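The values are calculated or read from the model by the stated rules, or taken from the named source; none is laboratory data. Since this is a predicted model, take the numbers as computed values, not measurements. Reconstructed Cβ throughout: ideal geometry from the backbone, glycine too, with neighbour counts over all protein chains shown. These area figures cover heavy atoms from the full protein model, side chains too; ligands, DNA and RNA do not enter into them. Shrake-Rupley method; radii C 1.70, N 1.55, O 1.52, S 1.80 Å.
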Amino acid sequence: MSQEDLTEPGDGGSKVGKTTIDPDEIAKFTAIADEWWDPFGKFKPLHKFNPVRLAYIRDCVCAHFSRDRRAKKPLEGLKLIDIGCGGGLVAEPMCRLGASVTAIDAAEQNIKTAMAHAMPQKLDIDYRATTVEALAETEAGTFDIVLNLEVVEHVADVDLFLETSASLLKPGGIMVMATINRTLKALMLAKIGAEYILRWLPAGTHDPRKFVRPSEARSALSRAGLTVTGEAGVTYNPLLDIWRIGDDTDVNYMLTAIKP
């Protein structure tokens, strides 16, 4: 398979009447929704690198809003939306950091799992089974922080999804996005390696044609009226069995962008 075989996503046509929802992707995650909080189950990779991305989000948000990242609740007073929240692996720690958290997912079963896990811990998280398009109709411009983590590689229209997500931000707000690069290295490691060799993920979890290059994400965010302020890679060291933030964006990467 050549680099050219990893074709550009989307058709570049009119967005009128379009949706970001891919029914096949929703069905895929609905089928394994009960396993979100099993650290040795189908979401094991997310549990492994969750601490790294949580620290990155905290530090970026604190730097942007001039908060002390070492404070007990550094995000207190900030409104945060976690789009495609799954079972709540990010929404819960963001709530503990003090943010007022709304978390949405198009798969109702994911929301049920998230609510069931948060309830006994008395975490005040506004979980909703809805889409970013529906939320934007009533809550555009109301959030200080928008999180798009491992979501864009599962949507039907990346440009529309990021444009609609950006509309949720207040002026001066920040978005943090994480996804997988569309490279041969990512195909070998994030798709073939993770799904078929290491069995970290169920086969078919990712469609490599839907991976998004950083340049494409930056362009889409720019068209949505945001200014990209940071880019970092997330890499795995198999010898030490740890994930790290660094400069290598060939596979996993994260972007930060602000709304002027």
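Numbers for the structure displayed
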| item | result |
| --- | --- |
| Residue count, region 148-186 (criterion: crowded, with 18+ Cβ neighbours inside 10 Å and not in a helix (DSSP H, G or I)) | 19 |
| Tally of residues being in a helix (DSSP H, G or I), charged (D, E, K, R) and open to solvent by 30 Å² or more (accessible area, probe 1.4 Å) across region 23-63 | 8 |
| Some residue of region 75-83 being touching an Asp or Glu at 6+ places or on another chain (Cβ under 6 Å) and open to solvent by less than 50 Å² (accessible area, probe 1.4 Å) | yes |
| Qualifying residue in region 125-140 (condition: over 19 Å from ARG218 (Cα atoms) and in contact with an Asp or Glu (Cβ under 6 Å, 6 or more places away or on another chain)) | yes |
| Contacts under 8 angstrom Cβ, first residue in region 50-67 being among the β-branched types (Val, Ile, Thr), partner at pLDDT 95 or above and open to solvent by 30 Å² or more (accessible area, probe 1.4 Å), 6 or more apart | VAL52/ARG244; VAL52/ILE245; VAL61/ARG67 |
| Any hit, region 192-210, residues being closer than 26 Å to GLU133 by Cβ and in contact with a Ser or Thr (Cβ under 8 Å, 6 or more places away or on another chain) | yes |
| Residue, farthest from MET188 (Cα to Cα), within region 243-260, restricted to residues that are assigned to a loop (DSSP other than H, G, I, E, B) and open to solvent by less than 70 Å² (accessible area, probe 1.4 Å) | LYS259 |
| Condition met for GLY98 (crowded, with 21+ Cβ neighbours inside 10 Å and either small (Gly, Ala, Ser) or in a loop (DSSP other than H, G, I, E, B) (or both)) | no |
| Condition check for ALA103: in contact with a Phe, Trp or Tyr (Cβ under 6 Å, 6 or more places away or on another chain), of a type outside the set (Lys, Arg) and within 21 Å of PRO51 (Cβ to Cβ) | yes |
| Hits in region 210-227 - residues which are within 27 Å of HIS47 (Cβ to Cβ) and either open to solvent by 30 Å² or more (accessible area, probe 1.4 Å) or in a helix (DSSP H, G or I) (or both) | LYS210, ARG213, PRO214, ALA217 |
| Scope region 112-147; condition in contact (Cβ under 8 Å) with a residue 12 or more places away in the chain, in a helix (DSSP H, G or I) and not charged (D, E, K, R); matching residues | THR113, ALA114, MET115, HIS117, ALA118, GLN121, VAL132, LEU135, ALA136 |
| Meets criteria (in contact (Cβ under 8 Å) with a residue 60 or more places away in the chain, hydrophobic (A, V, I, L, M, F, W, C) and either touching a His at 6+ places or on another chain (Cβ under 9 Å) or closer than 21 Å to VAL52 by Cβ (or both)) for VAL152 | yes |
| Output for region 192-212, where each listed residue is modelled with pLDDT of 85 or more and of a type in the set (Lys, Arg) | ARG209, LYS210 |
| Qualifying position, being within 18 Å of VAL152 (Cβ to Cβ) and either open to solvent by 50 Å² or more (accessible area, probe 1.4 Å) or part of a loop (DSSP other than H, G, I, E, B) (or both), among LEU240, LEU201, LEU189 | LEU201 |
